[in-house]
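Worksheet: one structure, shown below.
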Amino acid sequence: MTESHPTKYFHALDDGRVQCDACPRACKMHEGQRGLCFVRGVEGGEVRLYTYGRSSGFCVDPIEKKPLNHFLPGSSVLSFGTAGCNLACKFCQNWDMSKSREMDTLADRATPEMLAAAAKRLGCSSVAYTYNDPVIFMEYAMDVADVCHEHGVKSVAVTAGYMCAAPRAEFYRHMDAANVDLKAFTEAFYRKICGGELAAVLETLEYLRHETNVWFEITTLLIPGENDSDGEIDQMTQWIMTKLGPDVPLHFTAFHPDWKMLDKSHTPPATLTRARAMALRNGLRYVYTGNVHDPQGSSTYCPGCKARIIERDWYELGEWKIASDGACERCGTHIPGVFNGAPGRWGRMRLPVRLSQHAVDAA
Ligand code: SF4
């Protein structure tokens, strides 16, 4: 029998089922059933988590790959995921993990102490809960974050932001940064292509901006013909400007055909450039293109003097013109984000890791 871990966001229903309250899907389950994410299920009248302490794999990545461009630039991050997901995106680019119904996917045992020790030993500034959404394994992610903090390692959530209010408040008390996918700006897209709701995601973005100190950036994967119209990009970026302000970085990234969306073509680079130009026109200050070679679109510019202050090409950093206090070296304008003196030197390398080789006693 698979080991399970207690959770606390659920309640009993009058008809004998138990409702999970972690995400807006609100799965209503009989004893022994699993929710849509497949990793939370009912056992002994309670919702329990079945992926605590087990992972689908580890990799050391550049932080720019999450993508986060204003959070410890140039540093390395220990990325890991589990299995399952609470959305059902037809274009999922990690479907082998997120759609997995096989606990065999979770080959690596990884206690919070093992993860923190490995991150420290590998020289990573942070750990990222990624590949699949940490909303569904929040108890595990929060415990990892707590032990990592004891070792001076920060925590990054890579998420679709589809989460209920109470667990969201608890979860983000443990996180230092997040990248939130804003998958589109219509309810129709969320309903038909992801099986979710846009409104809940917008609520998470407003919550992060106005009620936490978590550093966050937004990513939108532009899919030809689905969410890349001028009208939708205009509406979305106006909403970000009005509700979140000009300083939240926005990444437009390129789609490649995957999972159940093989009939669409790759996103043309011109689409990303067009979206970026529109977002800048609407007042956003830090807008990036991603998954393409575009040194102009992936670099950071000072909103004060317009100088290029962080040069990037894909995940590689070049010219760096930010003082140790996070100000533009040329005009002194404060650049929002989390900076720690000189940039890291990790580069664009991706290093797969077997945790057992790096786990040492956390002491
Ligand atoms: S976290 Fe999983 S079980 Fe809970 S409501 Fe969401 S999909 Fe259902």
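The values are calculated or read from the model by the stated rules, or taken from the named source; none is laboratory data. These numbers were taken from a predicted model, which means no experiment stands behind them. Glycine also receives a Cβ, built like all others from the backbone with ideal geometry; neighbour counts cover every protein chain displayed.
Using the structure shown, decide if F58 is among the hydrophobic types (A, V, I, L, M, F, W, C), modelled with pLDDT under 95 and farther than 20 Å from V153 by Cβ. Let's see the steps before the verdict.
Numbers: among the hydrophobic types (A, V, I, L, M, F, W, C): yes; modelled with pLDDT under 95: yes; farther than 20 Å from V153 by Cβ: no.
Judged against the criteria, F58 is not a match.
Please determine whether any residue of region 301-308 is in a loop (DSSP other than H, G, I, E, B) and within 26 Å of V60 (Cα to Cα).
Restricting attention to region 301-308, the residues satisfying the condition of being in a loop (DSSP other than H, G, I, E, B) are 302-307.
Now drop any that are not within 26 Å of V60 (Cα to Cα), which leaves none.
Checked against the condition, which is being in a loop (DSSP other than H, G, I, E, B) and within 26 Å of V60 (Cα to Cα), region 301-308 yields no hits at all.
Evaluate the following for R345: is it among the basic types (K, R), touching a residue at least 24 places away in the same chain (Cβ under 8 Å) and closer than 30 Å to E150 by Cβ? Let's see the steps before the verdict.
Values: among the basic types (K, R): yes; touching a residue at least 24 places away in the same chain (Cβ under 8 Å): yes; closer than 30 Å to E150 by Cβ: yes.
For R345, the condition - among the basic types (K, R), touching a residue at least 24 places away in the same chain (Cβ under 8 Å) and closer than 30 Å to E150 by Cβ - is met.
Considering only residues of region 49-85 that are hydroxyl-bearing (S, T, Y) and more than 15 Å from the chain's Cα centre (by Cα), which is farthest from I309 (Cα to Cα)? Spell out the reasoning first.
Residues of region 49-85 that are hydroxyl-bearing (S, T, Y), as a first pass: 50-52, 55-56, 75-76, 79, 82.
Within this subset, residues satisfying the condition of being more than 15 Å from the chain's Cα centre (by Cα) are 50-52, 55-56, 75-76.
Values: Y50: 45, T51: 42, Y52: 41, S55: 37, S56: 37, S75: 17, S76: 20 Å.
Looking at the filtered set, the residue picked out is Y50.
Anything in region 211-226 that is free of Cβ contacts under 8 Å to residues at least 60 places away in the same chain and under 30 Å from A166 (Cα atoms)? List them, or say none.
Hits for region 211-226 are E211, T212, N213, V214, F216, I218, T220.
Determine which member of the set A157, A177, A145 is within 16 Å of the ligand (Cβ to nearest atom) and of a type in the set (A, V, I, L, M). Can you show your working first?
On the way: A177 fails: within 16 Å of the ligand (Cβ to nearest atom); A145 fails: within 16 Å of the ligand (Cβ to nearest atom).
Checking each option against the conditions leaves just A157.
Among the residues of region 309-348, write down those that are part of a strand (DSSP E or B), out of contact with any Phe, Trp or Tyr (no Cβ under 7 Å at 6 or more places or on another chain), closer than 22 Å to G123 by Cβ and not aromatic (F, W, Y). Steps first, please.
Of all residues in region 309-348, those part of a strand (DSSP E or B) come to 309-313, 316-320, 322, 327-328, 334, 338.
From the residues that got through so far, the ones that are out of contact with any Phe, Trp or Tyr (no Cβ under 7 Å at 6 or more places or on another chain) too are 311-313, 316-320, 327-328, 334.
This time we only want the ones that are closer than 22 Å to G123 by Cβ, so: 312, 316-318, 320.
Result: R312, E316, L317, G318.
Counting only residues that are within 28 Å of A199 (Cα to Cα) and touching a Phe, Trp or Tyr at 6+ places or on another chain (Cβ under 9 Å), how many does region 1-28 have?
Within region 1-28, residues that are within 28 Å of A199 (Cα to Cα) and touching a Phe, Trp or Tyr at 6+ places or on another chain (Cβ under 9 Å) number 8.
Listed here are the residues, each with its yes/no results for (1) at pLDDT 95 or above; (2) within 12 Å of the chain's Cα centre (by Cα); (3) hydroxyl-bearing (S, T, Y).
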| position | (1), (2), (3) |
| --- | --- |
| P134 | yes, yes, no |
| S155 | yes, yes, yes |
| C164 | yes, no, no |
| R168 | yes, no, no |
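Name the residues in region 1-55 that are away from the ligand (no atom under 11 Å from the Cβ), assigned to a loop (DSSP other than H, G, I, E, B), free of Cβ contacts under 8 Å to residues at least 40 places away in the same chain and more than 12 Å from E139 (Cα to Cα), would you?
M1, L13, D14, D15, G16, R17, H30, E31, G32, G44, G45
Working only within region 262-293, note down all residues that are within 20 Å of L317 (Cβ to Cβ), modelled with pLDDT of 95 or more and either charged (D, E, K, R) or touching a Pro at 6+ places or on another chain (Cβ under 6 Å) (or both).
Once the filter is applied, which keeps residues that are within 20 Å of L317 (Cβ to Cβ), modelled with pLDDT of 95 or more and either charged (D, E, K, R) or touching a Pro at 6+ places or on another chain (Cβ under 6 Å) (or both), region 262-293 yields R276, R285, Y286.
Give the residue, chosen from I193, I233, I218, I240, that is part of a helix (DSSP H, G or I) and touching a strand residue (DSSP E or B) at 6+ places or on another chain (Cβ under 7 Å). Give the steps one after another, and end with the answer.
Details: I193 fails: touching a strand residue (DSSP E or B) at 6+ places or on another chain (Cβ under 7 Å); I233 fails: touching a strand residue (DSSP E or B) at 6+ places or on another chain (Cβ under 7 Å); I218 fails: part of a helix (DSSP H, G or I).
Matching residue, one of I193, I233, I218, I240: I240.
N86 is checked against (1) at pLDDT 95 or above; (2) under 30 Å from L198 (Cβ atoms); (3) not hydrophobic (A, V, I, L, M, F, W, C) and fails just one. What number does that condition carry?
With (1) at pLDDT 95 or above; (2) under 30 Å from L198 (Cβ atoms); (3) not hydrophobic (A, V, I, L, M, F, W, C) applied to N86, the lone miss is (1).
Using beta carbons and a limit of 6 Å, which pairs, at least six apart or on different chains, have the first residue in region 188-207 and closer than 15 Å to N227 by Cα and the second one assigned to a helix (DSSP H, G or I) and of a type in the set (D, E)?
The qualifying pairs are L198/E187.
Restricting to region 272-293, name every residue that is part of a helix (DSSP H, G or I) and in contact with a Phe, Trp or Tyr (Cβ under 8 Å, 6 or more places away or on another chain). It would help to see each step written out before you state the result.
At the first step, the residues of region 272-293 found to be part of a helix (DSSP H, G or I) are 272-281.
L272, A275, R276, A279, listed by residue number.
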